[in-house]
Amino acid sequence: MATSPTHPPLSDRIEQLLEAGGPLPVVAAGDPVLRRVTEPYDGQLDDALLGRFVAALRETMLAAPGVGLAAPQVGVGLRIAVVEDRARGGREALEARGRVPLPFRVLVNPSYEPEDDTRAAFFEGCLSVPGWQAVVARHARVRLRAHDEHGRAVDEMFTGWPARIVQHETDHLDGTLYLDVAHTRSLSTNEAVAEHWAQPTPESAARELGFELP
Ligand code: NI
């Protein structure tokens with residue numbers, strides 16, 4: 001596609017974004033970039049720039065801190081996301097969520113499909129919707145197909161919290177925010193979650209806020 005001075009090539013924009021160094025600014029809900037379907041990654045960046053971009057995504061995710069970050073969240077409409085969860089927290093909550101460590105990985109052109117009809121519902125949040133959390137009933141098991149940053153094919157089953165993370169991040173790449181698929185009656189500030197809904201499962205939240213669990 002021809003480029004014009006008002007639309008510099010993607011690689012120039014990313015070079016510019018990385019110039020300042022350090023964590024990148026995270027785009028918040030309301031920015032249209034979060035609502036666009038991303039462009040599949042097809043070598044738009046050379047290997048060195050892709051490596052630097054992915055490293056900046058990881059740095060931004062860890063600094064936030066978060067367990068996943070999709071390229072649109074830093075204003076880049078490419079089908080790339082990073083995930084990493086060190087799974088820190090209380091044992092009971094970790095067990096209820098099936099939250100096990102998810103080593104750092106890059107998801108290039110990911111897509112997922114549910115393995116069965118089982119769903120798991122928990123509070124989750126998003127770096128682009130700061131200060132809020134809501135309950136989302138997500139597929140408990142998904143098959144993820146993607147490539148890694150070296151172009152190797154990934155075809156893998158995810159369960160528990162890692163399954164939630166890969167669904168949340170892949171949804172971002174389709175312009176979907178977790179609020180679109182959440183029980184909106186569960187919407188709570190972080191403070192309200194800490195005060196009322198810190199239990200391992202959202203059963204009392206469902207009862208008292210008035211929404212159905214799977
Ligand atoms: Ni998010």
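Derivation of every value follows stated rules applied to the coordinates shown; laboratory data play no part. Computed from a predicted structure; not experimentally measured. Cβ placement follows ideal geometry from the backbone for every residue including glycine, while neighbour counts extend to all protein chains displayed.
Exactly one residue out of A20, A63, A70 is out of contact with any Phe, Trp or Tyr (no Cβ under 8 Å at 6 or more places or on another chain) and farther than 29 Å from D180 by Cβ, and it is A20.
Contact annotation: residue pairs with Cβ atoms under 9 Å, 6 or more positions apart or on different chains, pairing a residue in the stretch 113-138 that is at positive phi with a partner that is more than 13 Å from the ligand (Cβ to nearest atom) and hydroxyl-bearing (S, T, Y), are G131/T189.
Close Cβ contacts (under 7 Å, 6 or more residues apart or on different chains) running from residues in the stretch 156-172 that are in contact (Cβ under 8 Å) with a residue 40 or more places away in the chain and over 12 Å from E115 (Cα atoms) to residues that are of a type in the set (G, A, S) and away from the ligand (no atom under 14 Å from the Cβ) comprise G160/G98; W161/G98; T170/S111.
The single condition among (1) assigned to a loop (DSSP other than H, G, I, E, B); (2) under 22 Å from L107 (Cα atoms) that P162 does not satisfy is (1). A single entry from D171, D180 fulfils the requirement of being surrounded by fewer than 18 Cβ atoms within 10 Å (Cβ to Cβ) and either outside any strand (DSSP E or B) or among the hydrophobic types (A, V, I, L, M, F, W, C) (or both): D180. Checking each residue in the stretch 62-87 for being away from the ligand (no atom under 14 Å from the Cβ) and within 20 Å of V135 (Cα to Cα) picks out only A87. Candidates in the stretch 183-195 are the residues that are loosely packed, with under 14 Cβ neighbours inside 10 Å and assigned to a helix (DSSP H, G or I); of these, the one that is farthest from the ligand (Cβ to nearest atom) is E195. Could you go through the stretch 40-62 and let me know if any residue there is surrounded by 14 or more Cβ atoms within 10 Å (Cβ to Cβ) and of a type in the set (F, W, Y). Among the residues of the stretch 40-62, at least one is surrounded by 14 or more Cβ atoms within 10 Å (Cβ to Cβ) and of a type in the set (F, W, Y), which makes the answer yes. In the stretch 38-54, the count of residues that are under 26 Å from V154 (Cα atoms), within 16 Å of the ligand (Cβ to nearest atom) and touching an Asp or Glu at 6+ places or on another chain (Cβ under 8 Å) is one or more.
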